[in-house]
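Here the structure is laid out as structure tokens; the discussion comes afterwards.
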Amino acid sequence: MPVGDHRVGRTIVLTGASDGIGAAAAQVLADAGHSLVLVGRSPEKTEAVARRVGAERWYLADFTRLDDVRRLAADLTDACPRIDVLANNAGGVFSGPVRTVDGFERTFQVNHLAPFLLTRLLMDTLLASRAAVVATSSVGARLFGHVDLDDLETWDAFTPNRAYGTSKLANILVTRELHERYHDQGLTSVAFHPGAVATNFASDTTSSLRWVYRTVLRVALVPPARGGATLAHFVAGEPGRDWTSGEFYGSNRRLSRTNPQANDPELVHEHWRRSAELLGLPA
């Protein structure tokens, strides 16, 4: 997969790096000569990937605990005077609703609030670096997602699919608002769907998606290496040449339609404001 020599040697922070497409992307990016800072939840898996790809550093963070995210942001700020790309890749589909120790619904926190908090806490470094923020989203945003500003966490009428789709829609809304707020300062942002990748996705939930990932239907899925290559494409790509800031792309790496709510600038802005309010951050 071509990654573009203009990106070689840049510092990339990649979450969700211990498994699946994150681990696959880490190998592609390391082989291309990038400096990787990996983040994962499993100590054993994260260390194994970091050592295999020769990552510069690796950190542990459980996104069900926002104190882990705050500590991670502090560690990255201390260790990385420059971050060229923040790849918010961690996430999944979960049963529920489940309340985290922070008081938020788990899917909402892991897939949206945690990466939103990490991005906000790293903003000074990201702006100084004229960085790109890459979000692993999903077609689930269009298929299952619906943002209710009075129920951001999808406590009402919770289903794993709805919560997942809404959180992946939130990733796209954040991508839009990052572009709107910070593009003039050199920050770029993009969200993408990696494809239906053959991983353990949804395996421990009541989501109907588990039947795709655990039965003979699995043969229709793409291997993690292909999903990882797609992630690496956006991480290593050149904004304005390989992708357009503020947009959502499909697994074919082309601009793709998504949930119509992502095209409502007032909703996008208000979703950002309310997310920040939940975290005690300035809007």
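The values are calculated or read from the model by the stated rules, or taken from the named source; none is laboratory data. Treat the numbers as computed from the prediction; the structure is a model and nothing was measured. Ideal geometry is used to build each Cβ from the backbone, glycine not excepted, and the neighbour counts take in all protein chains shown.
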Filter result (in contact with a Leu (Cβ under 8 Å, 6 or more places away or on another chain) and basic (K, R)) within the range 105-134: R120, R130
Subset of the range 245-255 that is over 17 Å from the mean Cα position of the chain (by Cα) and under 25 Å from A131 (Cβ atoms) - its residue that is surrounded by the most Cβ atoms within 10 Å (Cβ to Cβ): L255
Test set (1) over 25 Å from G250 (Cβ atoms); (2) hydroxyl-bearing (S, T, Y); (3) touching a Pro at 6+ places or on another chain (Cβ under 9 Å) - T100 fails condition number: (3)
Subset of the range 81-111 [farther than 14 Å from A61 by Cα and in contact with an Asp or Glu (Cβ under 9 Å, 6 or more places away or on another chain)]: F94, S95, G96, P97, V98, R99, V101, D102, F104, E105, T107, F108
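Within 24 Å of L187 (Cα to Cα), among the charged types (D, E, K, R) and surrounded by fewer than 22 Cβ atoms within 10 Å (Cβ to Cβ) - does that describe any residue in the range 64-73?
Yes - at least one qualifying residue is present in the range 64-73.
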Exclusive hit being among the β-branched types (V, I, T), closer than 19 Å to F144 by Cα and buried (at least 16 other Cβ atoms within 10 Å of the Cβ), set V268, V235: V268
Residues satisfying the stated conditions in the range 13-39, i.e. more than 21 Å from P81 (Cα to Cα), in contact with a Leu (Cβ under 8 Å, 6 or more places away or on another chain) and not hydrophobic (A, V, I, L, M, F, W, C): S18, G22
Verdict on A163 being within 13 Å of the chain's Cα centre (by Cα) and surrounded by 19 or more Cβ atoms within 10 Å (Cβ to Cβ): no
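Name the single residue that is modelled with the lowest pLDDT among those in the range 13-34 being within 24 Å of T107 (Cα to Cα) and assigned to a helix (DSSP H, G or I).
Among them, the one singled out is G20.
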Flag for A48 being surrounded by 18 or more Cβ atoms within 10 Å (Cβ to Cβ) and hydrophobic (A, V, I, L, M, F, W, C): no
Residues within the range 231-278 that are touching a residue at least 40 places away in the same chain (Cβ under 8 Å) and part of a helix (DSSP H, G or I), tallied: 19
Condition met for D68 (without any contact (Cβ under 8 Å) to a residue 40 or more places away in the chain and of a type outside the set (S, T, N, Q)): yes
Sole residue being modelled with pLDDT under 90 and either among the polar types (S, T, N, Q) or in contact with a His (Cβ under 7 Å, 6 or more places away or on another chain) (or both), chosen from S167, S203, S189: S203
